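Notes follow once the structure below has been shown.
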Amino acid sequence: MAAAAGALFLLLVAAAGPGRAGAGRARRDALREELLLSPLPAGDVAATFQFRTRWDADLPRGAGTDHHLLRYAVLPREVVCTENLTPWKKLLPCGSKAGLAVLLKAERLFHSSYHSQAVHIRPICRDASCLAVSWELRQTLTVVFDTFSSGQGKKDWSLFKMFSRTLTDACPLASQSKVYVDISPKNKEKELLEVTPTPASVYEAIVQGDKRTYAVYDLLSPSLFNTSRSLNVQLKWKRPQDSSELPTPILHAQRYVSGYGLQTGEISTLIYNTHPYRAFPVILLETVPWYLRLYVHTLTIITKGKENKPSYIHYQPAQDRRRPHLLEMLIQLPANSVTKITIQFERALLKWTEYTPDPNHGFYVSSSVLSALVPSVIAMKDVDVEQSPLFTSLFPSSDGSSYFVRLYTEPLLVNLPTPDFSMPYNVICLTCTVVAVCYGSFYNLLTRTFHVEEPTRGGLAKRLANIIRKFRGVPPL
Amino acid sequence: MSLGSAPRPGPLRRRLSGLGGRRDPEPGLSNTPPAAMGLLSDPHYRRALSRLVLRLNTPLCALSYVAGLGWFLALAFQPLAPRTYMSENAMGSTMVEEQFLFGERALSYAREFAGHKKKVGGMPVAWLEKTMWSLGLEVYQQPFARTLPFPDETRERYMVKGTNVYGILRAPRAASTESLVLSVPCTEGPHNNQAVGLMLALAAYFRGQIYWAKDIIFLVNEHDLLGMEAWLEAYHDVNVTEVRSSGTLGRAGAIQAAISLELSSDVVTSFDVAVEGLNGQLPNLDLLNLFHAFCQKNGLLCTIQGKLPRSDWDSLPAYAHSLQTLLLMVLSQASGRPRGDHGLFLRYRIEAITLRGINSFRQYKYDMTTVGKTLEGMFRKLNNLLERLHQSYFFYLLPSLSRFVSIGIYMPAFGFLILVLILKALDLWLKLSKCEPGGGPPPHPLFPPLPAPTIFLILIPLFCQDSRPGLLVLVPPVLICQAAGLALYCLPVLGQRVATQHFPVSEAEAVVLTAIAIYVAGMALPHSTHRVLAGASSDRGWMTLKLLALLYLALQLGCLALLNFSLGFLLAATMVPAAAAVQPNGPRVLLAALLVLATPAATLLLGIFLQRELVEAPAAAGEGWQLFLAAVGEGLLQHHLYGALPFPFLALCAYPAWLLLWNVLFWK
């Protein structure tokens, strides 16, 4: 998967803030929380937390978003770590004291092979007529625990093994608090997983074009904590995994810098469409810093050996030190194809004060963003958004035949020509010496002529007289 | 004397002399020249200087040459070579506690690999993929194919097909922007199985750790350098050579450093480290320091150029020892050929070294665990790197593993050698710009014989054309020499088919023999061309040609020494005396012998004998000749396969320059 794990994305929608409205009267349905455990084919397990806090604002719904206020910013160098997790946890109504949030123990969350954390704020309609809006704060956190770094080779999982905690109660403020475990059978065979304790109910849904079955544990139902005081969901594989055949996602991408040397280079993006028979369009958004001077005429898009002309291109050239290149394209991806997008660039020379600390580390180029409506293999039925589990909203579908996917490719690390900062003094000395000695004397030699004046020495008497005159301080004869 | 200035000084000149702050009304009077430029602007000094250059030319040249050689020999003297030290902050101060304990596991992997390799009769691609996959790596394979320009007889390959297999350990929670490489060549026969085993054991151990900040690529490359070149080109998506490869490639960002491992025994007595890469490029000295530091930490014996370090330094044998090491390094750097699979990384600015496990008859042996610990330590320190390795030296010579000679100290040795050529050229120039009073018309009033202003000095030979051979005389020999060089560069490979049809030789032999034939034939080609032109019989003809040849040679060697000091130095050390001495009216047989000895091919032959002498395996004459033939073929192959530069440099630059000198010798 080409998802950038570490990068911190900031999506700022500069609309009016939530204000004070609704802060006082926390309703019972203010918080919905859930945890989704999905075992991955290789034996690893992904855990996705989703918390959704909602409050009513007195603001009327605006006519639409003002696009001049829309901002997109990326910090590709920043990696998510504990200092991002702590303030994130403080946004939760129950903090990390009760409910699913007790599992959020930094020590375990960062002992994982993948970590992704997000905050979304959006207005949602309060009713069908949409005269008033509520605000929704959605916080998601996904971690992937892998068998190699935490399991000592064993592929069985439990909540305690993953988070070194178990669940004891729901958050008192939550209207919904559920744990879902993906127990979908593979290839319509018998189920591969054994889950304990036995789930109270089973939920079926179509997520990302795939039919999935989930075991559901409702923390709010009193029967759950009847037998034992805590819930420790355990997953056991029933048979050894045939791990060498991983399902490939329908849309995935890879991005890299090609070429060598410090003068030019090329950014290549490979986009794969592995759908057997459907073509679909994808929007590629690329922001490249100004110090990589893109040669736009070298932009080539090649699919299956032929040029693939994009149906739409928006290009905003960079301005030095002010704004980056912005390239947005709508590209049609034929079925079962690889599309290669290349664009050449030249590395600019920065001013010596513009280099970041550790300039030899290289400069980051942020991920490009791929957004697409991926056609689904299975027809999806419309579900009631309010009733369905929250995680389905991570992959919203516009209609029954496709679902939305947004991918972030790898950020790139590009080396720019870097001066040797350890020797400015040497450079200054050398330059001054070269200018003073070589330039001066050569200029002099080239622009002036010198000739010998034959000395008319005169006789011995005259020379003696001159010596005497010299001592006297009068000009010689 | 009526002198070389217009009767009335121009306004510019007047103003300049005014600016000079002189009191004299006459411009250009030389009574008080500024001290810094007095030597050149004062006609008296200039005359004295030119007289000095003319009179003492031969002793000065000899002195300079001896000084150059002496300086070079002194480089191995320990007090002149400082101790190496770690410059990179991120690697110097951090502590690493190695915890690799899986030496036995490495050996069992190695045995398994050897079994599968034997069964498949080559690289066990499927087994490697499966094993790497089960270790939790992302596995990719890269099939490649390459048809060599002519068959390589030493390695017995012509149409090469192979597969590289590599696994990527993704650093947890990082975005795959940087990576490190551990590469192991999969060679034929029973070699290098232990290296693969150790690599797999390390991969298994590394996979369980969560401290990685950079991805680690574990690469098994087939057909040593060919596979490596194919992999590097595919990874960087460039096509420098004609290698073809296919397959989807996983990538892991910018590669920061690479280590190539060669290990063929279950236990080792010492480790040899190879640094010289393609075209004599060297990795950053810090990488070598890192290896040295971990060798010392783990008590591992490590060598460079196969020479053990000595504890003493102030005795004569110790000096001889470090001189041997230094000479070996110079020879191997001059060959321009990578001394290990790491050599090709350097083109992409990836610092890389090759580590070779040696199992000799020493008593104390080290097991796989110690070796694995050393590698673990190195990788963990490289993992700590914030920046690319750039703090330490990129240009150095190593008289031992713990001491280095930096570029500032070894360059004067080369400078002294080049000074010989410049002194000689100056001597010729001064002689040429002196118009003989006897022959021809009287000197042009505008152009004084000596001392003339520099700007006019340049033009003299052009204006003196009426009385002496002009520059036109030089055109045929220069063109012919260059054409001979071009033929030497192109014909051997292009004409191999014709050669094999007409002579009973194999392709590889045909190429090498054609190259030698063209080389020798070039010497017979051009001696009578200048006779066609009138007035070429005087001394000026050959002097101008020699001047040109000397300057050409000095320029070439000067440029070369900046890129590959060793090759530049070796060529200068052999070619300079002959180039300085050559002239048509002397002991011609002696000079011809000297010149033949100084030809680059003879340098190569001598280099081979010297190298064999230094590694204490002296070659007999016949064996040396065989090695020479092999080296010529190898040089051509290296150029076509990896873009090595020594062959084109010798064929297109050094050989024509040498032919010009040969022309001078036979000037009639």
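The values are calculated or read from the model by the stated rules, or taken from the named source; none is laboratory data. Owing to the predicted nature of the structure, the values given are computational and were not obtained by experimental measurement. When we count neighbours, we look across all protein chains shown, and the Cβ atoms used for this are built from the backbone with ideal geometry, even at glycine. In case anyone asks, the SASA skips ligands and DNA or RNA and just uses the protein heavy atoms, side chains included. Shrake-Rupley method; radii C 1.70, N 1.55, O 1.52, S 1.80 Å.
Here are the numbers for the structure shown:
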quantity: Given (1) outside any helix (DSSP H, G or I); (2) within 10 Å of chain B (Cβ to nearest Cβ), number of the condition A:Phe442 does not satisfy; calculated: (1)
quantity: Residue within segment B:271-284 that is more than 25 Å from the chain's Cα centre (by Cα) and on the phi < 0 side of the Ramachandran plot present; calculated: no
quantity: Qualifying position, being in contact (Cβ under 8 Å) with a residue 12 or more places away in the chain, within 14 Å of chain A (Cβ to nearest Cβ) and assigned to a helix (DSSP H, G or I), among B:Leu232, B:Leu323; calculated: B:Leu232
quantity: Where a residue in segment B:413-430 is in contact (Cβ under 8 Å) with a residue 12 or more places away in the chain and its partner, wherever it lies, is outside any helix (DSSP H, G or I) and among the aliphatic types (A, V, I, L, M), with Cβ under 8 Å and at least six apart; calculated: B:Ala413/B:Leu75; B:Leu430/B:Leu450
quantity: Among (1) modelled with pLDDT of 85 or more; (2) part of a loop (DSSP other than H, G, I, E, B); (3) of a type outside the set (S, T, N, Q), the one test that A:Lys178 misses; calculated: (2)
quantity: Pair list, Cβ under 9 Å, 6 or more apart: segment A:339-366 residue more than 11 Å from chain B (Cβ to nearest Cβ), other residue open to solvent by 50 Å² or more (accessible area, probe 1.4 Å) and hydrophobic (A, V, I, L, M, F, W, C); calculated: A:Thr339/A:Ile302; A:Ile341/A:Ile302; A:Ile343/A:Val296; A:Arg347/A:Leu262; A:Trp352/A:Phe421; A:Tyr355/A:Phe421
quantity: Positions within segment B:87-112 being small (Gly, Ala, Ser), assigned to a loop (DSSP other than H, G, I, E, B) and in contact (Cβ under 8 Å) with a residue 40 or more places away in the chain, in sequence order; calculated: B:Ser87
quantity: Condition check for B:Leu290: modelled with pLDDT of 90 or more, within 13 Å of chain A (Cβ to nearest Cβ) and either in a helix (DSSP H, G or I) or open to solvent by 20 Å² or more (accessible area, probe 1.4 Å) (or both); calculated: no
quantity: Filter result for B:Ala234 (buried (at least 23 other Cβ atoms within 10 Å of the Cβ), of a type in the set (Gly, Ala, Ser) and within 29 Å of B:Gly136 (Cα to Cα)); calculated: no
quantity: Identity of the residue in segment B:383-405, under 18 Å from the mean Cα position of the chain (by Cα) and open to solvent by less than 20 Å² (accessible area, probe 1.4 Å), that ends up nearest to the other protein chains (Cβ to nearest Cβ); calculated: B:Tyr396
quantity: Hey, B:Ala334 touching a Leu at 6+ places or on another chain (Cβ under 8 Å), hydrophobic (A, V, I, L, M, F, W, C) and more than 30 Å from B:Leu80 (Cα to Cα) or not; calculated: no
quantity: Filtered residues of segment B:631-658 (kept if surrounded by 16 or more Cβ atoms within 10 Å (Cβ to Cβ) and of a type in the set (Gly, Ala, Ser)); calculated: B:Ala631, B:Gly633, B:Gly635, B:Ala644, B:Ala651, B:Ala654, B:Ala657
quantity: Within segment B:113-140, considering residues that are touching a Gly at 6+ places or on another chain (Cβ under 8 Å), within 13 Å of another protein chain (Cβ to nearest Cβ) and in contact (Cβ under 8 Å) with a residue 60 or more places away in the chain, the one farthest from B:Leu219 (Cα to Cα); calculated: B:Leu135
quantity: Residue count, segment B:141-156 (criterion: open to solvent by less than 50 Å² (accessible area, probe 1.4 Å) and either within 14 Å of chain A (Cβ to nearest Cβ) or hydroxyl-bearing (Ser, Thr, Tyr) (or both)); calculated: 0
quantity: Residues within segment A:137-157 that are modelled with pLDDT of 85 or more and away from every other protein chain (no Cβ under 14 Å), tallied; calculated: 4
quantity: Residue check for A:Leu270: closer than 30 Å to A:Asn415 by Cβ, within 14 Å of chain B (Cβ to nearest Cβ) and surrounded by 15 or more Cβ atoms within 10 Å (Cβ to Cβ); calculated: yes
quantity: Pick from segment B:513-546, criterion among the basic types (Lys, Arg) and either at pLDDT 60 or above or crowded, with 17+ Cβ neighbours inside 10 Å (or both), ranking: farthest from the chain's Cα centre (by Cα); calculated: B:Arg540
quantity: Filter result for A:Ile302 (part of a strand (DSSP E or B) and within 14 Å of another protein chain (Cβ to nearest Cβ)); calculated: yes
quantity: Of residues in segment A:396-424 being at pLDDT below 80 and either open to solvent by less than 60 Å² (accessible area, probe 1.4 Å) or more than 13 Å from chain B (Cβ to nearest Cβ) (or both), the one nearest to B:Glu88 (Cα to Cα); calculated: A:Pro424
quantity: Residue in segment B:247-262 that is farthest from the chain's Cα centre (by Cα), counting only those that are within 10 Å of chain A (Cβ to nearest Cβ) and at negative phi; calculated: B:Thr248
quantity: Total residues in segment A:307-355, condition within 28 Å of A:Ser422 (Cβ to Cβ) and not in a strand (DSSP E or B); calculated: 10
